[in-house]
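The structure appears below as structure tokens.
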Amino acid sequence: MKKIPAYFLLIITACNQPEQKQEPVMPPMAVKTDSAKTKLKNLAFDSKTDLVCGMPVKAGVEDTAHYKGKVYGFCAKECKEEFLKDPQQYLTAK
Ligand SMILES: [Zn+2]
């Protein structure tokens, strides 16, 4: 085995330190995102599916829309906006 020069070891040590400092910052942010998604999942929706694309709301809701006192869940903002353009079309389509 070749001897590793001391200055090379110093560079490795110096590079590793900033990464270690960043680690504690990341997990709390991830936890916040998870709890927000769980809250959306536990909401009671008046529709069992995303009325635009037909995906079950249980699979994960990213956005919600209120229409005539009812709450509808959508997998994406795009689906909600599509629904709000003409809600009656999607509600009577079934
Ligand atoms: Zn959708």
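Please identify the pairs in which a residue from segment 54-78 that is farther than 13 Å from residue 43 by Cα and among the aliphatic types (A, V, I, L, M) has its Cβ atom under 6 Å from the Cβ atom of a residue that is near the ligand (Cβ under 10 Å from one of its atoms) and assigned to a loop (DSSP other than H, G, I, E, B), counting only partners at least 6 apart or on another chain.
Pairs found: 55/75; 76/62.
Just name the residue that is surrounded by the fewest Cβ atoms within 10 Å (Cβ to Cβ) out of those in segment 53-78 that are part of a helix (DSSP H, G or I) and not charged (D, E, K, R).
The extreme case among them is 59.
Can you pull out every residue in segment 79-92 that is open to solvent by 50 Å² or more (accessible area, probe 1.4 Å) and either of a type in the set (Phe, Trp, Tyr) or in contact (Cβ under 8 Å) with a residue 24 or more places away in the chain (or both)?
Residues satisfying the conditions are 82, 91.
Being assigned to a helix (DSSP H, G or I), within 16 Å of the ligand (Cβ to nearest atom), surrounded by 10 or more Cβ atoms within 10 Å (Cβ to Cβ) and modelled with pLDDT under 90 is the requirement here; does residue 37 meet it?
For residue 37, the condition - assigned to a helix (DSSP H, G or I), within 16 Å of the ligand (Cβ to nearest atom), surrounded by 10 or more Cβ atoms within 10 Å (Cβ to Cβ) and modelled with pLDDT under 90 - is met.
The values are calculated or read from the model by the stated rules, or taken from the named source; none is laboratory data. Keep in mind that what you see is a predicted model, and the values were worked out from it rather than measured. No Cβ is skipped: glycine too gets one built from the backbone with ideal geometry, and neighbour counts run over all protein chains shown. Remember, those area values only see protein heavy atoms, side chains included, never the ligands or the DNA or RNA. Shrake-Rupley method; radii C 1.70, N 1.55, O 1.52, S 1.80 Å.
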